[in-house]
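Written below as structure tokens is the structure these notes are about.
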Amino acid sequence: MDTSQATTLIRVDPDRHMNRRYSVFIQATLLEPAAVVCVWGSRRSSYQRLQVHPASTQEEARQLGKKIVQRKIRRGYRSG
């Protein structure tokens, strides 16, 4: 996972009325050298949720971000 840009995934399932987006990116924080930030929500509204996963190094954050993206792809999300 590249630290300079976000990875955005999309999941669309018309049968379940599902139109979701999931973004993962790495950024520095005040308390930790790096953190993986996940933002998700419906593509139809501005409502979104945010979760921050702190990491002790950039490499740890990169590995965690890659793991999160792979998990979402297994659940049906596609690159958007």
(request) Could you check how much of the accessible area of the chain is carbon and sulfur, as a whole percent, using a 1.4 Å probe? (result) 47
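What does the charge dipole of the chain about its Cα centre add up to, to the nearest 20 debye, if the Cβ of each Lys and Arg holds +1 and the Cβ of each Asp and Glu holds -1?
Once rounded to the nearest 20, the dipole reads 520 debye.
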(message) If each DSSP helix of 4+ residues adds -39,500 (n - 2.57) and the sum is divided by the residues in the chain, what number results at 222 nm, nearest 500 deg cm²/dmol?
(response) -7000 deg cm²/dmol
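Please calculate how many Å² of accessible area the chain carries per residue, with a 1.4 Å probe and no DNA, RNA or ligand atoms counted.
Counting only protein heavy atoms, the per-residue value for the chain is 69 Å².
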(request) List the residues of segment 50-80 whose backbone N lies under 18 Å from a point placed 7 Å from the Cα of Leu31 along the Cα-to-Cβ direction. (result) 50-58, 61
(request) Arrange the peptides 48-56, 18-26, 65-73 so that the one whose residues have, on average, the most other Cβ atoms within 10 Å appears first. (result) 18-26, 65-73, 48-56
(request) Tell me, rounded to the nearest percent, the portion of alpha carbon pairs in the chain spaced more than 14 Å apart. (result) 61
(request) Select from Leu64, Gln27, Ser46 the residue farthest towards the positive end of the dipole of the chain; place +1 on Cβ of Lys and Arg, -1 on Cβ of Asp and Glu, and compute about the Cα centre. (result) Ser46
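The values are calculated or read from the model by the stated rules, or taken from the named source; none is laboratory data. Quantities reported herein were computed from a predicted structural model and do not represent experimental measurements. Please note: Cβ atoms are built from the backbone with ideal geometry, for glycine as well, and neighbour counts cover all protein chains shown. The protein model used for the area step is the full one, side chains on, heavy atoms only, and it has no ligands, DNA or RNA in it. Shrake-Rupley method; radii C 1.70, N 1.55, O 1.52, S 1.80 Å.
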